[in-house]
Amino acid sequence: MRGFCDRTAVAGVGYTAFSRNSWVSTLTLACEAVLAALDDAGLTPDDVDGIATHRVGDSAAPSVVGPALGIDAPAWYLDQFGGGSVSHAVIGQAALAVAAGVAETVVCYRAVNARSEFRMGGTGRGVPVSPEVQYQAPYGYTAPPQQYAMYARAHMLKYGTKAEHFGQLAVTQRANAVKNPRALMRAPITLDDYLASRWIAEPFRLLDCCLETDGACAVVVTTAERARDLRRPPVLISAAAWGGGDSFLSGREPADPTVTSAAELAPRLYAMAGAGPEDVDVAELYDCFTYSVIVQLEDYGFCAKGEGGPFVASGATAPGGALPVNTHGGFLSEGYVHGVNHIAEAVSQLRGDAGDRQVPGAEVALSTAQPGYILPATSALILRRG
Amino acid sequence: MIKPVPDRDSAEWWERAARHEFVVQACGTCGTLRFPARAYCARCRGREWHWREVAPAGRVVSWIVNHQPFLPDAPTPYTVVMVRLTDAPACVMVGNWHGPAEPVADQPVTVSYTYVDERLSLINWEPA
Ligand SMILES: [Zn+2]
C-alpha cells in the first residue's frame, strides 16, 4: 500500500524559544510558532486553509488559534486528543487531507507550557481521565517516568539491558545538543554524571528523563507540487502511519511488555514509503525516556529484538554511526514539544541546514511518536529530501 | 493517597474488592477472563459475563522503586509492582509492594489487602 507516498511535503517549520517559563499563554506560543513556520515556507496566514494540533486539554485549540491569526473559516481542522503518541498522526492526517484535496496548506502546531503551567503526570493539575487511572493512581503510579521505568525494567530482566546502555544514549544525545543553539541543555555529560544523577523511579535516574519544557513548534504541510515553488527545499512525506495496539491492561492477550505498538506499525510505514530500515539515514525517535529509544530501535527493525542496548553502546546511534539518532539532542536535551520538534529536526536534516549537527548526505529520515506504552497507539513519518 | 474514582463499569469490582473478593470478569460466551471491568469481550464481542473468583495470586512482571515525590502525601521511596495473575494470565495489575526485600523477576506473590474504609480496600502484593 503506497497510500499518498510523496504526494505531500513539509514546506516550513517554526519554533518559539524553549524555556522553563515562557511567561506567555499557550495561545501566544502557538501563534508565534505558526507564524515562524509560515514565514519559513514563504507563506502568510492568508495562505492557510487547514489547521491542526494535538493536546490533552493543556493548550490553545485550533478554533482559537485560527481566528487569533485571522485564518478565517479554514476548510479543514483537527483537534486531536492525545499527547506524544499522536504527534505524528496529526501531520499524517494533515497530509491525508492535502492529498485528498480537502485542504491545500495546513499548519500543524503543538504549544505547551509543560513546565510552568501544566506538568504531565498529575503534579499541578488533576489526574487525566482514563479508565486505567483508577487502578493505578491509588498506588502512587501516576507519572509517565514511573510507567516507562516499569517497562524498562521488564526489558532489562528479559534481555540484560543495562543502566550503562541508557546512560550511553543520554550522553550521546547531550553531545548532540551541545551543537544545537535551540537546546535547553548544552553542558556535556559523562556516563559517570549519568550514573550519579538522582533516582526518579528505579531503574530511571534523572538523566533518563526528558525535559519539561515551555515552547511551541509548528510544521506546514502542502502538496509536493506547491512545495517546490516555495521558499525552502521541499521535504516529501513518503509515509505516514498511525494506529493502535493492545494496551497492557486491555486484557485481550498476554502482552509482552518489551514490545511496543511500533512493531505492528513499522511494516505498514515502510511499505508505504517503499523503503526499509536500511534506507534510513537519520532517525528522530521519541525519547520521553532513554528506554523509549532503545525499544524503538528494535521495533523499527534497526537491530534484533533485545539488542537495542548493545546497539547504542556500539556507537551506532552517535554522529558518524550507522544510524545517527536524535541529532538535535531530543527531548532529553533539546526540549520536549511532544513530538513536533523531532519532525522539525528531521526536516532540517533533509534540507541540509542542520549546521554542526548535519548528517552528511541525509536523504531519508524516520521520525516517531511515543511508541504506545501509555496510550495503546503510536504514529510515525518517513520523510525524504525532495 | 488518590482514592480511585470507580466508573459505571468498575463500581461493582471495587465493592467486591472492599469485601476482599478477588474477581475478574469471565465472558459468558467464550470464557475469556478480563480485567479491568467493561461490558464487551474483546475476543468474541459477547456482552454476557459474570464475575469469576480467581486465586489472589500471581507472578512479578516488573517493578519500580519510586523516589520522586510525584504525589505530596505519599512518603518515598515506595515500590510499585506489576503482577500477572496466575489464574488469568492475560490480566495484569499494579499495586504496592509489601515485602521485606525488593521483589525479584517472576516471584510468586499473593494479595495483601489494605483497608482504607468500609467501601474501599486496595489490592497490594506480598511474597507468596
Ligand atoms: Zn468472549
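Coordinate-derived values only; no laboratory data. These numbers come from a predicted model, not from an experiment. Glycine also receives a Cβ, built like all others from the backbone with ideal geometry; neighbour counts cover every protein chain displayed.
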Next on the checklist: Placing +1 on the Cβ of each Lys and Arg and -1 on the Cβ of each Asp and Glu in segment B:24-120, which of B:A39, B:T114, B:V104 has its Cα farthest towards the positive end of the resulting dipole?
Outcome noted: B:A39
Item to check | Loop-located trypsin sites (Lys or Arg not before Pro) in segment B:45-114, at most 15 other Cβ atoms within 10 Å (DSSP) | outcome: B:R45, B:R47
Checklist entry - In terms of modelled amide H atoms, which long-range or inter-chain residues lie less than 5 Å from the amide H of B:S62? => result B:M82
Item to check | Within 10 Å of each Cβ in A:140-150, the average number of Cβ atoms from other chains | outcome: 6
Item to check | Alpha-carbon centroid distance for the pair segment A:161-201 / segment A:296-314, whole angstrom | outcome: 19
Item to check | Cα gyration tensor of segment A:199-348 - equivalent ellipsoid semi-axes, whole Å, descending | outcome: 26, 20, 17
Checklist entry - Sorted by mean Cβ packing within 10 Å, highest first, what order do the peptides A:98-108, A:175-185 take? => result A:98-108, A:175-185
Checklist outcome for this item: Check: C-alpha center segment B:48-99 vs C-alpha center segment A:349-380, spacing in Å is 35
Item to check | Bins of 5 Å, starting at 0 and running to the largest distance - Cα pair percent for segment B:11-127 | outcome: 2, 12, 19, 20, 18, 15, 9, 4, 2, 0
Checklist outcome for this item: Any DSSP H helix in chain A with Cα axial reach of 20 Å or more and mean Kyte-Doolittle score of at least 1.0? Listed by number, the hits are A:26-41
Item to check | Residue-averaged [θ]222 nm for chain A, counting only DSSP H segments that reach four residues, each worth -39500 (n - 2.57) | outcome: -9500 deg cm²/dmol
Next on the checklist: What are the extents of the Cα atoms of chain A along their three principal axes, in Å, largest first?
Outcome noted: 53, 45, 44
Next on the checklist: Rounded to two decimal places and with Rh computed the Kirkwood way over Cα pairs, what is Rg over Rh for segment A:126-185?
Outcome noted: 1.14
Checklist outcome for this item: Largest fluctuation, A:A114, A:A17, A:A365 only, Gaussian network model of chain A with Cα springs under 10 angstrom, belongs to A:A17
Item to check | Helix-only [θ]222 nm of chain B, DSSP H runs n ≥ 4, -39500 (n - 2.57) each, per residue, nearest 500 | outcome: -1500 deg cm²/dmol
